[in-house]
Amino acid sequence: MTQPHHDPVLYAQSFLTDRDHRLLDWLYDHQVLSAAQITAALFNRQDAAQERLLRLYRLRLLERFRSARLASPGWHHVLDQAGVELVAALRGDAVPRRVDITAQRRRIAASANLPHLLGVNQFFVDLIAYARHRPGDALLRWWSERQCAAPLRFGSVSMHRVRADGHGIYQEGDLRVAFFLELDRATESVPTLVEKVQRYEQLVTEGGPAWPVLFSLPDHTREQHLHQALGRQPRAVPVATVARDRLLDGTGVADAVWLPTGAAGAPEPPRRLIDLGRLGDPADDSALLRLDRRPLGQ
């Protein structure tokens, strides 16, 4: 007996929660998340996350893969055909052709840039997970490299030349910090990192926001080299760094782990992420005109 035909998108919608929609939105914008990242950002228990992800997979909203090139052996999730179609319909976007959606999934899984993409997403997932358990805290905005480079995202200036890995606005109580993220995996020279800072400074002279540029670096040695290369002269844009090998003791990127560059005297003590907001332009209401639909940390 043949099964009755149904529209998979319409069928799936009746099963979806607000949390499911949030996950689909993230994958639409940020391409791929590991099961561990999804669990940390959205669930209190691993078994509940596994059960829900399996349900979304069976609804053909999600596709999943494993990769021997990644440190994490678990599943990594991308949008399947119905997932792309559903989010596109909700946003009023044109739906890509099925063959293009399939090709995009395969490109993500096979990309040499996959570890970098997952690393960028991990930074924002860490902030979301941190805020989930702290009333008044929230990641108000999470934009990908592609979203940052879209026309008119930051007024009349274009971020295309800068190519930030991501942009966020984080809130603790009444305080906010807006920032650009540069995730470094030591695949570029330190002078290249300095050139990135100079491009951000040029952006400010063109009318762009002087928000802190955050460099997440693999280790303390590379962090020292970047500080030395940037020197102690004042800059048009604040720069702060964190060495990921200093985050192994349970501290996170919202904690006092950030070292501002350009200290004229003795090295400054590490600062919390929210305190970096005092170094640059404010993340006031005008910065939130293009705010995503809902706070990500709630």
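Of all residues in region 16-31, those that are farther than 12 Å from VAL125 by Cβ and of a type in the set (A, V, I, L, M, F, W, C) total 3. Given the structure, is ALA89 among the small types (Gly, Ala, Ser) and touching a residue at least 24 places away in the same chain (Cβ under 8 Å)? Criteria met by ALA89. Can you tell me which residue is farthest from HIS133 (Cα to Cα) among those in region 1-51 that are assigned to a helix (DSSP H, G or I) and of a type in the set (D, E, K, R)? Going through the qualifying residues, I end up with ASP29.
Which numbered condition trips up LEU203, out of (1) part of a helix (DSSP H, G or I); (2) at pLDDT 95 or above? Single failed check for LEU203: (2).
Among residues of region 112-126 that are touching a residue at least 40 places away in the same chain (Cβ under 8 Å), those with a Cβ under 7 angstrom from a residue that is in a helix (DSSP H, G or I) and surrounded by fewer than 21 Cβ atoms within 10 Å (Cβ to Cβ), sequence gap 6+ or separate chain, pair up as LEU114/ILE108; VAL125/ALA40.
So which residues in region 215-232 are in contact with a Gly (Cβ under 9 Å, 6 or more places away or on another chain) and under 19 Å from THR192 (Cβ atoms), if there are any at all?
If the condition is that a residue be in contact with a Gly (Cβ under 9 Å, 6 or more places away or on another chain) and under 19 Å from THR192 (Cβ atoms), then SER216, HIS227, LEU230, GLY231 are the ones that fit.
Restricted to region 259-275, and to residues there that are in contact (Cβ under 8 Å) with a residue 12 or more places away in the chain and farther than 19 Å from PHE180 by Cβ, the residue that is surrounded by the most Cβ atoms within 10 Å (Cβ to Cβ) is PRO270.
Based on what the data block shows, is GLY166 of a type outside the set (A, V, I, L, M) and in contact with a Leu (Cβ under 9 Å, 6 or more places away or on another chain)? Steps first, answer last, please.
Working: of a type outside the set (A, V, I, L, M): yes; in contact with a Leu (Cβ under 9 Å, 6 or more places away or on another chain): yes.
It is true that GLY166 is of a type outside the set (A, V, I, L, M) and in contact with a Leu (Cβ under 9 Å, 6 or more places away or on another chain).
Filtered by the rule that a residue be under 19 Å from GLU195 (Cα atoms) and without any contact (Cβ under 8 Å) to a residue 40 or more places away in the chain, region 233-258 gives GLN233, PRO234, ARG235, ALA236, ALA240, THR241, VAL242. Contact map, region 15-26: residues that are at pLDDT below 95 paired with residues that are not aromatic (Phe, Trp, Tyr), Cβ distance under 7 Å, separation 6+ or inter-chain. Pairs shown: PHE15/LEU59. For region 56-70, a residue qualifies if it is in a helix (DSSP H, G or I) and either under 29 Å from LEU140 (Cβ atoms) or of a type in the set (Val, Ile, Thr) (or both), and exactly one does: LEU56.
For region 44-70, filtering for residues that are closer than 16 Å to VAL125 by Cβ and without any contact (Cβ under 8 Å) to a residue 24 or more places away in the chain leaves 3.
A count restricted to region 62-81 and to residues that are more than 15 Å from ASP29 (Cα to Cα), hydrophobic (A, V, I, L, M, F, W, C) and at pLDDT 95 or above stands at 2. Can you work out which of the residues in region 181-212 that are in contact with a helix residue (DSSP H, G or I) (Cβ under 8 Å, 6 or more places away or on another chain) and charged (D, E, K, R) is surrounded by the fewest Cβ atoms within 10 Å (Cβ to Cβ)? Applying the filter and picking the extreme gives ARG185.
The values are calculated or read from the model by the stated rules, or taken from the named source; none is laboratory data. The structure displayed is predicted, hence computed values, not measured ones. Note: ideal-geometry Cβ built from the backbone for every residue, glycine included; neighbour counts use all protein chains shown.
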